[in-house]
1. Compute the convex hull volume of the Cα atoms of the stretch 295-442, divide it by the residue count, and report the result per residue in Å³ as a whole number.
2. Amide H to amide H under 5 Å from Trp534: which residues, 5+ apart in sequence or cross-chain, H placed 1.01 Å off N in plane?
3. Compute the acute angle (0 to 90°) between the alpha-carbon long axis of helix 336-345 and the principal axis of greatest extent of the alpha-carbon atoms of the chain; round to the nearest 10°.
4. Quick one: putting +1 on the C-beta of Lys and Arg, -1 on the C-beta of Asp and Glu, what dipole do you get for the chain around its Cα centre, in Debye to the nearest 20?
5. Determine how large the accessible area of Cys473 is when every protein chain is in place; take a 1.4 Å probe and give Å² rounded to the nearest 10.
6. Highest first, please rank the peptides 198-207, 294-303, 505-514 by the mean number of other Cβ atoms sitting within 10 Å of their residues.
7. Among Lys76/Lys248; Lys212/Lys525; Lys110/Lys345; Lys98/Lys590; Lys164/Lys635, which pairs are too far apart, with a Cα-Cα distance over 28 Å?
8. Might you report the magnitude of the Cβ-based charge dipole of the stretch 506-554 about its Cα centre, with Lys and Arg at +1 and Asp and Glu at -1, to the nearest 20 debye?
Amino acid sequence: MSEKEAGSDAGPRETAPMSAYSSPARSLGDTGITPLSPSHIVNDSDANVSEEQSFLVVVAIDFGTTSSGYAYSFTKEPECIHVMRRWEGGDPGVSNQKTPTTILLTPERKFHSFGYAARDFYHDLDPNEAKQWLYLEKFKMKLHTTGNLTMETDLTAANGKKIKALEIFAYALQYFKEQALKELSDQAGSEFENSDVRWVITVPAIWKQPAKQFMRQAAYQAGMATPENPEQLIIALEPEAASIYCRKLRLHQMIDLSSKAAVNGYTSSDTVGAGFAQGDRYVVVDSGGGTVDLTVHQIRLPEGHLKELYKSTGGPYGSLGVDYEFEKLLCKIFGEDFIEQFKIKRPAAWVDLMIAFESRKRAAAPDRTNPLNINLPFSFIDYYKKFRGHSVEHALRKSNVDFVKWSSQGMLRMSPDAMNALFKPTIDNIIDHLRDLFEKPEVTDVKFLFLVGGFAEAPLLQQAVQAAFGNKCRIIIPQDVGLTILKGAVLFGLDPAVIKVRRSPLTYGVGVLNRYVEGKHPPDKLLVKDGTRWCTDVFDKFISADQSVALGETVKRSYTPAKPSQMLIVINIYSAEQDNVNFITDPGVKKCGTLRLDLTGTNDTPLPTRREIQTYMQFGDTEIKAMAIDIPTSKSVKAGIDFLNY
């Protein structure tokens, strides 16, 4: 890009790779800078030790679409990861180390229960009473699918009533906070305080910045951390957490799909296939309930530091897709009008039916020959008769769905082919996405593919991945695949600096004025001010999509208030998926947030006529952060980037 002259509100274009230590903020000895969340630059020096040691324990919460859980590790014995106590009330055929992500509020909208307890209580309510209660499940996907997420975004409960998403997420996190503190106190034999804990919350890597900030806000509301002490909470990316765990796997802790057995021939103390050599590349496929996230990492030995080779990709291809196909099948057999009504009129029975489907879904396998029976709740059969005037059995006979029959015990009998067909669209999406990824030039010479997340337990998915990519790399499944992210998130909380290089998912920048160059700039962008010719709307790029960015590397810009007395500078931030952006008005460029510089508190000395606020932005962490200095007074300026309320 040609050198541009600095405009009226942007300083010289320069990108300084700097660690947080050489930034003026540190050298001035001013610790008053709180970036949006911590700067995790842990150098080998001891400079950061005091701050790091202040937490006795790291607790990670894997807040999943379908199931959730927490795990923890005391900072004194980091190798020992404890997964939360077992939950009461598990389902048949489902291991209950994690609990369903379901929440129940009373008719007065107060928190009542979470997980199995919420589900069972809701289920036992009288149908007319149940309509007053607010029951929510699988609500995490809303943060991914909402294009313009704000603090005001609503969720819809099973009874059709709306409630603020922020409230639900805060209730859920508060529940986990209380459970974890209680378990820690019981174990330690003394009261554990929130201040003793560093919290880690996992989110999909493909989530946009607003959704990450939303999670952070919900955690603040749940009392896990505060805007004044953001370092107490770390947002971890799910596939990154899985990756951190996978690189430490011992041989007896994984299944190699190519040999179908636990890998032999090595001592069990070796890590993957004794296999990680310097610079090895591997892909982590994190397939959960809502999303599938793909991450490509390269390992640097001996420390085991990780470098991201290609920006995170993925999409809404989680196991929920299979549930959705089942629902479509029911609509085909019984009619969409009936299913919609049934969900509203008998919400608890609908939940029951989906639980029955879930346990059969887990029994699906490529080599299965005998049919799968799904229990239809009595109220389904009863309500259908009232609604249609004929029996469920009749509906099945006259629907042209050959794979699904009625069994005399009151069950839907599905042939294995019918069940496999429900998986197909979701699995095809995952395989297509992986194919695209493997075609990228950055993704060559991949040695391992780790399949993790709850959906990775599905033999149909395992077989599809092995068939499509088994000739390219070794396909490995950790033994405790559903807990991989949870355990990795604890490791990340203990050492957030383990991932040294990431890729920016988007191009970010701001709009500036540049000197107008005849012939280079479009005439409609010309602005004449005090006799000077300016070009408006120029996109000043901070970072490009898929650009490598090291942890702690900063992008530096200077901004000048329009008049010396101005107390707040608000600068719009724009983003784009493409790399080559010239103007903020280009197609595909969207306003995505604001950079706010709060200059109150810097004006106790006589103000200079021209002020310069130097701003440092970090794009190498799991969240984007900013800090700033008032150059004339060398004071820190409160800086923040807001992706939610702009």
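The values are calculated or read from the model by the stated rules, or taken from the named source; none is laboratory data. Please read all numbers here as calculations on a predicted model, not as lab measurements. Here the Cβ positions follow ideal geometry from the backbone for every residue, glycine too, while neighbour counts run over all protein chains shown. Quick note on the areas: whole protein, heavy atoms, side chains included, nothing else; ligands and nucleic acids left out. Shrake-Rupley method; radii C 1.70, N 1.55, O 1.52, S 1.80 Å.
1. On the way: hull volume 23.7 nm³, N = 148.
For the stretch 295-442, the hull spanned by Cα atoms encloses 160 Å³ per residue.
2. Here Tyr516, Leu527, Val528, Lys529 satisfy the definition.
3. Tilt of helix 336-345: around 80 degrees.
4. Working: 74 positive and 79 negative charges, 270 e Å.
Rounded to the nearest 20 debye, it is 1300 debye.
5. Per-residue accessible area (Cys473): approximately 10 Å².
6. On the way: 198-207: 25.5, 294-303: 19.0, 505-514: 21.9.
In descending order of packing, they fall as 198-207, 505-514, 294-303.
7. Values: Lys76/Lys248 19 Å; Lys212/Lys525 35 Å; Lys110/Lys345 22 Å; Lys98/Lys590 38 Å; Lys164/Lys635 39 Å.
Beyond 28 Å: Lys212/Lys525; Lys98/Lys590; Lys164/Lys635.
8. Details: 6 positive and 7 negative charges, 43 e Å.
Charge dipole of the stretch 506-554: 200 debye, to the nearest 20.
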